[in-house]
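The values are calculated or read from the model by the stated rules, or taken from the named source; none is laboratory data. Treat the numbers as computed from the prediction; the structure is a model and nothing was measured. Cβ atoms come from the backbone with ideal geometry, glycine included; neighbour counts cover every protein chain shown. Quick note on the areas: whole protein, heavy atoms, side chains included, nothing else; ligands and nucleic acids left out. Shrake-Rupley method; radii C 1.70, N 1.55, O 1.52, S 1.80 Å.
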Amino acid sequence: MEWFHDFDWKIAFPEKRIYLMRQHNWAFAAWEIERLKGNLQPKSLLMHVDAHLDDTPDGVFVPGLHEAQSVEQLITVAQGHDYASGRVCPPDCMQIDNFIWAAVARDTIGETIFVSHQDDEVLSLEMLRYDAVHKRNENCQNIIARLPEDCSYKHQRYMDVPAFLNECDDQAWSPKQTKILDLDLDYFNLSEEIEHKLMPEAQIRDELRALRNLHQWDVITVALSPEYCGGKEEAAYLLAIFLETFELDVVAGQRW
């Protein structure tokens with residue numbers, strides 16, 4: 001379990017375009033690297049399955065965000081904060097909850113399907129624009145200024161995977177739009193407290209299989225987030241189920 005103590009732990013299965021990471025901020029780098037390779041197109045569809053919405057917009061202010069053009073530069077931009085270090089987190093750091101809007105700012109993500117049991121309203125582009133214009137909110141104005149001029153970012157919202165599957169029609173998805181499955185294993189922890197309350201194993205397996213088989217994903221990113229899964233053992237348990245379901249051997253993964 002080297003991943004538990006290494007905040008920068010991340011491995012990839014290049015042939016399958018699957019990326020695993022301890023901290024979710026690295027998903028941004030994975031998407032951008034795959035876009036560099038030509039495997040993702042601008043305005044991709046993101047399916048974000050997570051206990052949390054991760055819709056904090058200050059990711060648009062991360063230094064070097066728009067200028068990064070190489071793998072090395074993208075890795076630098078996506079570098080997160082080691083919360084265990086005791087050091088104060090820089091105000092413009094890529095974090096585990098602001099990486100989606102960072103990708104929106106680079107026009108990599110054009111639409112997000114949020115599947116999360118976090119009981120909050122999703123931040124929309126319309127909200128930002130309304131507050132920027134009608135409330136003259138300077139922060140919102142600055143966020144809008146960091147987005148593409150033709151930004152048309154939109155989202156859908158579901159509370160859990162079954163609710164999404166009940167309404168989903170992936171046949172209606174645009175065939176020209178590349179698609180990302182982004183999963184945080186803490187989605188399977190139903191507890192809002194420090195203690196864990198994991199879904200029954202059969203349900204976890206069923207939902208993972210449904211996500212795997214839903215679409216021929218162009219890229220898959222998976223965050224372990226052990227603290228939010230309930231701890232190291234719980235995260236290891238969920239990771240093992242994921243690896244089995246997606247037919248992966250962590251030993252075969254490549255560090256990146």
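Summary table below
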| item | result |
| --- | --- |
| Residue check for TRP31: closer than 22 Å to ALA105 by Cα, in contact (Cβ under 8 Å) with a residue 24 or more places away in the chain and among the hydrophobic types (A, V, I, L, M, F, W, C) | yes |
| Filtered residue count, segment 148-201, keeping only those that are surrounded by fewer than 21 Cβ atoms within 10 Å (Cβ to Cβ), of a type in the set (Asp, Glu) and part of a helix (DSSP H, G or I) | 3 |
| Scope segment 209-233; condition of a type in the set (D, E, K, R) and more than 24 Å from ILE33 (Cα to Cα); matching residues | ARG209, GLU227, LYS232, GLU233 |
| Residue among GLU207, GLU244, GLU201 that is among the acidic types (Asp, Glu), over 22 Å from ALA84 (Cβ atoms) and free of Cβ contacts under 8 Å to residues at least 40 places away in the same chain | GLU244 |
| Residue that is modelled with the highest pLDDT, among those in segment 68-87 that are assigned to a helix (DSSP H, G or I) and exposed (fewer than 13 other Cβ atoms within 10 Å of the Cβ) | GLU72 |
| Of all residues making up segment 199-239, the number that are over 12 Å from LEU20 (Cα atoms) and among the hydrophobic types (A, V, I, L, M, F, W, C) | 12 |
| Top-ranked residue in segment 93-104 [being open to solvent by 10 Å² or more (accessible area, probe 1.4 Å) and under 10 Å from the mean Cα position of the chain (by Cα); ranked as farthest from THR56 (Cα to Cα)] | ILE96 |
| Of all residues making up segment 20-45, the number that are over 14 Å from the mean Cα position of the chain (by Cα) and not basic (Lys, Arg) | 8 |
| Residues satisfying the stated conditions in segment 7-28, i.e. in a loop (DSSP other than H, G, I, E, B), touching a Ser or Thr at 6+ places or on another chain (Cβ under 9 Å) and more than 23 Å from ALA105 (Cβ to Cβ) | PHE7, ARG22 |
| Lone unmet requirement of (1) open to solvent by 40 Å² or more (accessible area, probe 1.4 Å); (2) without any contact (Cβ under 8 Å) to a residue 24 or more places away in the chain; (3) more than 25 Å from GLN41 (Cβ to Cβ); (4) in contact with a helix residue (DSSP H, G or I) (Cβ under 8 Å, 6 or more places away or on another chain) for PRO90 | (4) |
| Segment 46-61, residues that are open to solvent by less than 30 Å² (accessible area, probe 1.4 Å) and over 12 Å from the mean Cα position of the chain (by Cα) | PRO57, GLY59, VAL60 |
| Segment 1-28: number of residues that are without any contact (Cβ under 8 Å) to a residue 12 or more places away in the chain and either under 13 Å from VAL250 (Cα atoms) or aromatic (Phe, Trp, Tyr) (or both) | 1 |
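The rows are residues; the columns are (1) surrounded by fewer than 19 Cβ atoms within 10 Å (Cβ to Cβ); (2) of a type in the set (A, V, I, L, M, F, W, C); (3) modelled with pLDDT of 95 or more.
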| site | (1), (2), (3) |
| --- | --- |
| ILE113 | no, yes, yes |
| LEU123 | yes, yes, yes |
| ARG129 | yes, no, yes |
| ARG136 | yes, no, yes |
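Yes/no matrix, rows are residues, columns are (1) within 14 Å of THR221 (Cβ to Cβ); (2) of a type in the set (S, T, N, Q):
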site: GLU72; (1), (2): no, no
site: SER85; (1), (2): no, yes
site: VAL88; (1), (2): no, no
site: ASP92; (1), (2): no, no
site: GLN95; (1), (2): no, yes
site: ILE100; (1), (2): yes, no
site: GLU111; (1), (2): no, no
